[in-house]
Each structure stands twice: as structure tokens, then as C-alpha cells.
Ligand code: GDP
Ligand code: IMO
Ligand code: MG
């Protein structure tokens, strides 16, 4: 038996939430370790939809512990709102089943203001962030001027730290022609919210150490995906955190040996929200069809996701960078009915064939995909729960993806519903 880390292997929205919820049946504790409410994870259980941003996707199952590690940046208002909306759907959430790290950085209204103002300044070169203040909050953490959840325990000290933080940001806001913020504007809402948040605060590392020593199963839940990783993604069109499984250890407070099996959630085609290179993006009818069949609209911002074919080069590379042991292939059903499917097996860069995604952003923008075509299938795979339910062409497609990426398939997902999932190899068995 081993622990499992779930990460996205593309540009996010691969279906991590659905798979984490499904796997959480066998887990004792589910841990978020990076990102913030830029993440949007949709689960569907017996027809009921649950949208999660900050809460770990294990929160829906009764009897499971959920944890938000210090690697996550927390907007307190967004968290309170999410807890109350989920409670409204009948989900039990209390300090009995949710712990939040004392050391998690707080996203403040100033971060959101800076995020939005900077994007406006970038104009056509904008990153297409979610506008949630994620980047500026991580910057303040690294600059050692950020507030942390534990600061809510001492509001006098928090006010002093806020003054120092604003002294930094107001200079830029003023120069950019934006409204400056006062200490009161930051501290008053925190004062109002602190009583609701303090009961959840705890020492996550100590709790995880207990679970580890008791041999209980830990499921780490990543947000975003490898190609949005701050270091290995399509920089600068990335998010501001490491999305790799190594971050599960660093962002939760546990040794890397406890991370266990790395499950790379992988969409059977490719999508991306926001700006940046996307070699297999399809601007024609097929791209539109993928978007419509896959309902490819962002959970967080409602933006239309850009759609294209499976990029085996990118996923192979993500697999190596992240040490992915197995894939959870999702949204196979969206490919039902295509006569021909394309798979990107390489790129050309200035006329030369290459077998990897280059590190230079200028080169990333110039690569052209090399495709191989494979016959599609006309039968429906929607809701399939075993290999035997899959048409032979769908099995061929999956096998080809395994060959090209070098990553074995551990599970296949065939609809948004929790149970519409084929288990090939149990990640908890290693
Ligand atoms: P995440 O950010 O990786 O958790 O993914 P999102 O929840 O943002 O986006 C995935 C979307 O696809 C959600 O609306 C899911 O309900 C849906 N979904 C997940 N798996 C499948 C699948 O196998 N088939 C179909 N049709 N939809 C799926
Ligand atoms: P989940 O967890 C898809 C993208 C944004 C933008 C870039 C930077 O649902 O897979 P940020 O607000 O993080 O500074 O935006 O990253 N992005 C995501 N795209 N899924 C996500 O999360 C994302 N989180 C951020 O669209 O391009
Ligand atoms: Mg999402």
C-alpha cells in the first residue's frame, strides 16, 4: 500500500477533481499542497454537481479528513464562501474533517487589485490569469512581507505587518494610477472573518506525521498542471507555484518518500485557458466540436477553453519531469464519433524535427505539431466501466497513447460521474 499524489499532466482542467473524489474512497486524508482559488474542480455524484476551488476534493465523502497545506494561498473570503456553499449542498465541514495550515499565505484584496491592474497593463501580452491575486500573493510570500493564516491570532501584529505590506504595494498602485489601499481596508474584513477561520487552523505537518506513522493512506491533490508549473511550464504563461509532485512534500510538510505513486491526470485531448503557446490547438471545426462535447468552459472564470488534439510529446515530457507512474486518462467519451483522431508525435522547429518541447518561449511559440492519424470509433464510450465496454478502436487509441508517452494507463474516465471510471491498476497498490 502506498500514498498517491494526483497532478495534472497538461495545462490544468484534466479532471483531477473527479479522480481525487473517486480515489478518496480508499484514502484516509486528502491534502491540497499548492495553488489557490484559481483552481476549479467539478465533481458529479449521482447527478449532483459540486464545484471546489480551495477545499480538497475529498471533502464530499463523509469520514475523510481534508487538509489545506501551507503551499496553498488562501483568500479567506473565498474560503468562507466555498465552505458555506458546500454546506448548503449538505456537505459536512467542520474542524473535525478540515484542517488549514497556520503557515498558509493569505490572499488580500491588494493582491487581486495588483493582479488585475498588471494584466490590464500587459494589454495584448497578458497572461490571462484568473484575476484572483494568486501571483502577487506568492510574490509577497517569497518577499517575506506576506500575511499568513496564523497571523489572524494576533490582530495588532497583523495590522503592523499589513502597514509594511501596503507601504510596498501602494507605491506601485499609485504610480499605475490605481486606488491605494488603507490598513483598515485590509484588517477590518479579516477581523470579521477570523472567528470563522481560527478553529480550522492547525499544524498540518504534525497531523500528517500521525497519519504516516499509523500507516493510513494519504492522497495529495494537485491543482493546475505540469505545463502551468512556474519552472517547467510555458513560462511566462504559467501559474505562480510548482505543480509537480515534489511540491506535495514541500507544500504539505512531509518527506518526499511519503508522496508515493504519482498519478498524472491526462485528458484524452488537450485544452488550455488563458494565453500562451499551444502547438496542437485546433482552430477549425474539430476544435469547436471538442469544446462543445467536452463542455470546455472554465469552472472559475467561465472562460472558453482553447481545444486541440492530444500532444504526446508534451505529456511524455511532463511524465519525465514529474515522475508520473501512471495516467488517469479522462474524457475519452468526448472523442466518440470522430472519424479520425490526430495525435501529436513530434514537432518541427524552423523546419527541423524535434522530439521535445523547447525551453525557450520564443521557440515554444514557433513549434509546429507533427501528427499521426488514427481511426476513430462511432460507438459510445460514455459511462463505460470496464475495458470490455470499450470499442476496439478506443482501446487502440489508449494503447497508442501509452506507447507514445511511455506512461501506462491506470484508470480511464468516461463521464463526469464518479463511478463512470475504469480501473486498470490501483494506484494505492503502487
Ligand atoms: P480539474 O480542474 O482537473 O479538476 O478539472 P475540471 O473540473 O476543471 O474540468 C474537468 C471537467 O470535465 C469537469 O466539468 C468534469 O465534470 C468533467 N469530466 C471529468 N471527467 C470526465 C469524463 O471522463 N468525461 C466527461 N465527459 N467529462 C468529464
Ligand atoms: P485547475 O486546478 C486551468 C491558468 C490561468 C492562466 C495561468 C495563470 O482547475 O486545473 P493564475 O491566476 O494562476 O495566475 O493564472 O494559469 N490557470 C489554470 N488553467 N486550470 C487551472 O486550475 C488553472 N489555474 C490557473 O488561466 O493562464
Ligand atoms: Mg479546473
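The values are calculated or read from the model by the stated rules, or taken from the named source; none is laboratory data. This is a predicted model, so every value here is computed, not measured. Neighbour counts are summed over all protein chains in view; Cβ atoms, including those assigned to glycine, are modelled from backbone coordinates with ideal geometry.
Quick notes
- Number of the exception - residue 34 against (1) within 14 Å of ligand 2 (Cβ to nearest atom); (2) surrounded by fewer than 24 Cβ atoms within 10 Å (Cβ to Cβ); (3) farther than 24 Å from residue 290 by Cα: (2)
- Verdict on residue 135 being in contact (Cβ under 8 Å) with a residue 60 or more places away in the chain, out of contact with any strand residue (DSSP E or B) (no Cβ under 8 Å at 6 or more places or on another chain) and buried (at least 22 other Cβ atoms within 10 Å of the Cβ): yes
- Any hit, segment 158-170, residues being loosely packed, with under 13 Cβ neighbours inside 10 Å and assigned by TED's automatic domain parsing to the domain that holds residue 56: no
- Among (1) more than 15 Å from ligand 3 (Cβ to nearest atom); (2) within 21 Å of residue 18 (Cα to Cα); (3) in contact with a helix residue (DSSP H, G or I) (Cβ under 8 Å, 6 or more places away or on another chain), the one test that residue 279 misses: (2)
- Residues of segment 283-299 satisfying the condition of being more than 15 Å from ligand 2 (Cβ to nearest atom) and either buried (at least 22 other Cβ atoms within 10 Å of the Cβ) or without any contact (Cβ under 8 Å) to a residue 40 or more places away in the chain (or both): 283, 284, 285, 287, 288, 290, 292
- Meets criteria (within 16 Å of ligand 3 (Cβ to nearest atom), under 16 Å from the mean Cα position of the chain (by Cα), crowded, with 19+ Cβ neighbours inside 10 Å and not in a loop (DSSP other than H, G, I, E, B)) for residue 271: yes
- Evaluation of residue 415 against the conditions (1) touching a strand residue (DSSP E or B) at 6+ places or on another chain (Cβ under 6 Å); (2) closer than 28 Å to residue 275 by Cα; (3) part of a loop (DSSP other than H, G, I, E, B) shows that the sole unmet condition is (1).
- Candidates 317, 247 - the one that is part of a helix (DSSP H, G or I), away from ligand 3 (no atom under 14 Å from the Cβ), out of contact with any strand residue (DSSP E or B) (no Cβ under 8 Å at 6 or more places or on another chain) and over 25 Å from residue 51 (Cβ atoms): 317
- Residue within segment 26-39 that is free of Cβ contacts under 8 Å to residues at least 12 places away in the same chain and within 30 Å of residue 189 (Cβ to Cβ) present: no
- The residues on offer are 251, 246, and the sole one that is surrounded by 20 or more Cβ atoms within 10 Å (Cβ to Cβ), in the same structural domain as residue 57 (by TED's automatic domain parsing) and within 21 Å of the chain's Cα centre (by Cα) is 251.
- All told, residue 18 falls short of being in a strand (DSSP E or B), within 12 Å of ligand 1 (Cβ to nearest atom) and not assigned by TED's automatic domain parsing to the domain that holds residue 330.
- Filtered residues of segment 385-412 (kept if assigned to a loop (DSSP other than H, G, I, E, B) and surrounded by 20 or more Cβ atoms within 10 Å (Cβ to Cβ)): 390, 407
- Residues that are in contact with a strand residue (DSSP E or B) (Cβ under 7 Å, 6 or more places away or on another chain), closer than 16 Å to residue 29 by Cβ and either assigned to a loop (DSSP other than H, G, I, E, B) or modelled with pLDDT under 95 (or both), drawn from segment 41-99: 55, 56, 57, 58, 59, 60, 64, 69, 70, 97
- When residues of segment 1-14 are limited to those that are more than 9 Å from the chain's Cα centre (by Cα) and in a loop (DSSP other than H, G, I, E, B), the one nearest to ligand 2 (Cβ to nearest atom): 10
- In the set 115, 151, only one residue is crowded, with 19+ Cβ neighbours inside 10 Å and over 26 Å from residue 253 (Cβ atoms); that residue is 115.
- The listed residues are 181, 147, 166, 173, and the only one of them that is free of Cβ contacts under 8 Å to residues at least 60 places away in the same chain and more than 27 Å from the chain's Cα centre (by Cα) turns out to be 166.
- Among (1) within 16 Å of ligand 2 (Cβ to nearest atom); (2) under 29 Å from residue 254 (Cβ atoms); (3) in a loop (DSSP other than H, G, I, E, B); (4) not assigned by TED's automatic domain parsing to the domain that holds residue 73, the one test that residue 131 misses: (2)
- Residue that is under 30 Å from residue 428 (Cα atoms), in contact with a strand residue (DSSP E or B) (Cβ under 9 Å, 6 or more places away or on another chain), part of a loop (DSSP other than H, G, I, E, B) and modelled with pLDDT of 95 or more, where the choices are 216, 212: 216
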